[in-house]
Amino acid sequence: MVRLTPADIDGKETYEAQRAAYQRRILQQKATRRVLVGEHCAVHFESRETMRYQVQEMLRTEESWQRPGAVAAELAAYNPLIPQTGELSATLMFEYDMAEERRAVLQQLVGIEQHVWLHIGATAPLLARFDGAQLDPHKIAAVQYLKWTLTPVQRQLLKTPGTVLRLVLDHPHYTAQAVLSEATRQAIMHDPDGQPDAQETAHTPGQMARRPPMYKRILVATGGSPWSEAAVAYAIRLAARTEAELRILTVLTIPTSSLTSEEMLACDMLLDSLEQDGKARLTKAASRATWAGVAYETLAAWGQIPQTIVQTADAEACDLIILGSRLLTGWKRLRLGSIVNAVAATAHQPVLVVKQTTPLTPPALYWRRILVATGGSAWSDAAVEHALRLAQAPESAVCLLHVVPARSQRDADPAIAACRNILTAAAARAAAAGVPYTTHVADGNVVTAILDTATRLQCDVLVLGSRGLTGWKRLMLGSISNAVAAKAVQPVLIAKHFGAG
């Protein structure tokens, strides 16, 4: 393909005017060109247009349109990724939410350049050719640039409907493979011909049944802490898999309680420093979102953190808020962080609390097993409804749980009878929605029962209901939701119900 020149790059005003429509088109292409290989690796097949988008998004993110040499520098970085005649080009990304886990894994993956293969039909597998500048004898980068050179026979097979294409990683510390979809084969089949792809469009309607997205716009807040970085990484991966738009917010606030008199005198410098720190956080997150093919906007706002998050979610018409929380032990687990608690208590949207994870407890992005606690109240009914909507995804199922205070040995016990009625009603709703489900009864402490059941059933996410309250009651979140969100290892989604009270 013809490489990009400065004439191919739009100016700031022109790009901003057309960005929304252009971004939708490119992200459709990127979604079709993206292949997941295992849980933590994504391969993006690149083209001239995806690289043009990358260059312009980086100029926009870094606000460097007018900076001398900036366009040339971006072109020098991304032109080599455009496939030339006989080539397929790709970006390989290892996706781990926590920086500590990512660093440990990348050290283990030294030598990965000998373990990434492309199989085209029954021909000999092709070993990927890595960019040597990214390889290090002690660790590898999370983002790697790959190319494969195809034979004439392989180029023809790539254009042949039904040809089986496989990506295989056989490193001792990461073994996985993926079969490319027919839509992906069609999207990349002309890349080795060296033809420009400006007219490339998504595959024709009818090739793949698509469900309406559960979330159309997600807000994630970042403050630079490891747990908020984990939330951003989780939000990007979730948005990439659900095709949701992302709003990445950092709230700027002055820690007045810790300021000395000298620091107050240097307030202008402090404000500038806080703004620069916030910009750096947003730039880092934006770069990751761009590589992942996610539609996003970055937002910085001054104010109180919980209130600003809630107000921004409303102003941006978001339908999910994602926040990070530390994974704590001991007495600290008795309460959820004040910011997360305040947002979950007052937000009009569902709030997903993502924990700072360890290599032993990575959060699953495929919500195959969803635990929802139901107690017959209006807010627990709202949680059931939300869980059933989540479980519309392929291979997902709902675990319906009801907790009674104590197990009774008498079938006529009112608590047991009520439990049966509640679970029967929830099961009927699941059956009507066409969602696979199981029902479960636990007794004793409600919070403990929910946590133990989630662990025993190996659930990927917990869904709980909470009342949408007004006035002073909004200052505190329901004790069950609060306690479960504070103690759970898994992500906890708090669905809201707004009624009287």
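The values are calculated or read from the model by the stated rules, or taken from the named source; none is laboratory data. This one's a predicted model, so the numbers in the text were calculated from it and none came from an experiment. Cβ placement follows ideal geometry from the backbone for every residue including glycine, while neighbour counts extend to all protein chains displayed. All accessible areas refer to the heavy atoms of the entire protein, side chains included, with ligands and DNA or RNA removed. Shrake-Rupley method; radii C 1.70, N 1.55, O 1.52, S 1.80 Å.
List the aspartates and glutamates whose Cα sits under 15 Å from the Cα of Lys284, skipping any in the same chain fewer than 8 residues away.
Once the sequence-local aspartates and glutamates are set aside, what remains near Lys284 is Glu57, Glu62, Glu63, Glu95, Asp97, Glu229, Glu275, Glu297.
Kindly write out, for the stretch 295-312 in residue order, the coupling ³J(HN,Hα) from the Karplus curve 6.51 cos²θ - 1.76 cosθ + 1.60 (θ = phi - 60°), rounded to whole Hz, with x marking Gly and Pro.
Ordered by residue, 3J(HN,Hα) equals 6, 8, 9, 9, 9, 10, 8, 8, x, 6, 4, x, 4, 5, 4, 5, 5, 5 Hz.
Quick query: amide H of Leu180 versus all other amide H atoms, modeled in the peptide plane; which residues come in under 5 Å with a sequence gap of 5 or more or a different chain?
So Leu180 has HN proximity to Leu165, Arg166, Leu167.
Ordered by packing density, taken as the mean number of other Cβ atoms within 10 Å over each peptide's residues, highest first, how do 25-32, 424-431 rank?
25-32, 424-431
Would you mind checking Lys30/Lys216; Lys139/Lys216; Lys216/Lys279 for any pair whose Cα atoms are more than 29 angstrom apart? Before the final figure, lay out the partial values.
Values: Lys30/Lys216 18 Å; Lys139/Lys216 37 Å; Lys216/Lys279 25 Å.
Lys139/Lys216, as the Cα separations exceed 29 Å there.
As a test of reading the structure, rank Ile120, Ile480 by solvent-accessible area (1.4 Å probe, protein chains only), most first.
Listed by decreasing accessible area, they come as Ile480, Ile120.
Checking the a/c ratio against 1.5 first, then a/b against b/c, what shape does the Cα gyration tensor give for the stretch 39-169?
oblate
Whose amide H sits under 5 Å from the amide H of Ile322, counting only residues 5 or more places off or on another chain, with H placed in the peptide plane?
Amide H neighbours of Ile322: Leu219, Val220, Ala221, Leu352.
Output ³J(HN,Hα) for the stretch 272-288: one whole-Hz value per residue in order, computed from phi by the Karplus curve 6.51 cos²θ - 1.76 cosθ + 1.60 with θ = phi - 60°, and x for Gly and Pro.
Karplus values, whole Hz, x for Gly and Pro: 5, 5, 5, 5, 5, 4, x, 5, 4, 4, 5, 4, 4, 5, 5, 4, 5.
Enumerate the aspartates and glutamates that Lys496 could reach by cross-link, defined here as Cα to Cα under 12 Å, with residues fewer than 8 away along the same chain left out.
In chain and number order, the partners are Asp319, Asp381, Glu385.
List the lysines whose Cα sits under 17 Å from the Cα of Lys487, skipping any in the same chain fewer than 8 residues away.
Lys332, Lys355
With a 1.4 Å probe and every protein chain kept in, tell me what percent of the accessible surface of the stretch 1-60 is carbon plus sulfur.
53 percent
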